[in-house]
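The structure appears right after this line, and notes come after that.
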């Protein structure tokens, strides 16, 4: 029987910039340097996997941002995500956003830019986790809605 490998990847999408005004490349380089990720690019090895279910398992409470002049919180809920069969780096997204009580539907694209794994033993799953993945890593993407 074919052994199924479970890969848990933390999803980071779009331009995640904290309090500082930094470019996405500065943020990315800082993350790669300071969080123990392997310097080896793993995208070519892992791009064949379908990450749709992984994206959908990301808690909606963890996908949010700020929008508008009044800096209002925007919540993002992914409802369906489908991998492009002709371009394995692309996923088509349908979802909804909410700002205060205003809910709107959207469509968009998630494009995988790079995948970096943690070296064995560097990152452990939380003790209550029922998942025991073979590898743990970070999936960096551009999200366009």
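Can you sort 143, 104 from fewest to most other Cβ atoms within 10 Å of each residue's own Cβ? Walk me through the intermediate numbers first.
On the way: 143 18, 104 10.
Listing 143, 104 from fewest to most nearby Cβ atoms yields 104, 143.
Please report 93, 103 as a ranked list, fewest other C-beta atoms within 10 angstrom at the top and most at the bottom.
Numbers: 93 22, 103 11.
So the ranking, lowest neighbour count to highest, is 103, 93.
Listing 78, 27 from the residue with the fewest other Cβ atoms within 10 Å to the one with the most, what is the order? Walk me through the numbers before you get to the answer.
Working: 78 23, 27 17.
Starting with the residue having the fewest Cβ neighbours, the order is 27, 78.
For residue 69 and residue 57 in one chain, what is 0.36 nm times their gap in residues minus the Cα-Cα distance, to one decimal in nm? Walk me through the numbers before you get to the answer.
On the way: separation 12, 0.36 × 12 = 4.32 nm, distance 3.12 nm.
Taking residue 69 through residue 57 to full extension adds about 1.2 nm, to one decimal.
Any read-out appearing in this document is the output of simple, stated calculations on the displayed coordinates, not a laboratory observation. Being a predicted model, the structure only gives us computed values, none of them experimental. FYI the Cβ positions are ideal-geometry reconstructions off the backbone, even for glycines, and counts take in every protein chain you see.
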